[in-house]
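Below is one structure, written out as structure tokens, with a few remarks after it.
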Amino acid sequence: MEDCGAMPSRTDAVRALVVAAALVAVGPAVAGCAGTEGRAESGAPAGLVGSPAPDFHVKAVTGPKGPIALNDLHGQVVLLDFWGTFCEPCKKSFPKLEDLNRKYASSGLRVIGISEDEDEDKDKIPAFAQTYGAKFSLAWDGDRSVAKRYKPETMPSSFLIDKDGIVRFAHVGFHDGEEVEVESEIRGLLGAK
């Protein structure tokens, strides 16, 4: 089974608890990293689908740099992706996210990657972005404040937020071909034909 890249923890004991909790909570979704369906059903993760997206403030370290606040992005469709440099599926998903970014940014899509790397790995973010072609904004969630609001189950986990700030879709893990489904969701939220 391909490593899903569960969010890193501060100690091995906490890591074991997080992994165990994630497996119990999302069993089939975690299996999505191994190549089966990785889409969260409407109640997962953290029951955010259909609810207002929690606001956050981060500073982009790559891509369009500067401060990012979700509340400032109303009127745009936001694809919020939680990831880490340690995450093998993220290496596959980043080129797909960049394709979507390039194709729909001018129509109102904003792709934001939130790194859940540990402090000692945060300097790897720019090289990861360059290696995997990410030109969209990447921010580091050093204090885990964004992750605490969204509760990503594994890496990657992504949330599609509509123009009114409502979470409409959540995806846990990544599998080849998923970008077709995500693109369809984006087109619907943008009102594209």
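We did not get these values from a lab; they are worked out from the coordinates using the rules stated. Note that this is a predicted model, so its numbers are computed, not measured. Cβ sites come from the backbone with ideal geometry, for glycine too, and all protein chains shown count toward neighbours.
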Mean Cβ-within-10 Å packing, highest first, puts peptides 107-115, 175-183 in the order 107-115, 175-183
Once both label points are put 7 Å beyond Cα along the C-beta direction, the Ile166-Asp143 separation in nm becomes 3.1
Under the 7 Å Cα-to-Cβ spin-label approximation, Lys135 and Ser184 lie apart by a distance in nanometres of 2.8
PRE zone check, label point 7 Å out along Cα-to-Cβ of Ala105, amide N under 17 Å, scope segment 134-178, hits 134-139
Simple spin-label estimate for Lys122/Asp72, 7 Å along Cα→Cβ, in nm, reads 1.9
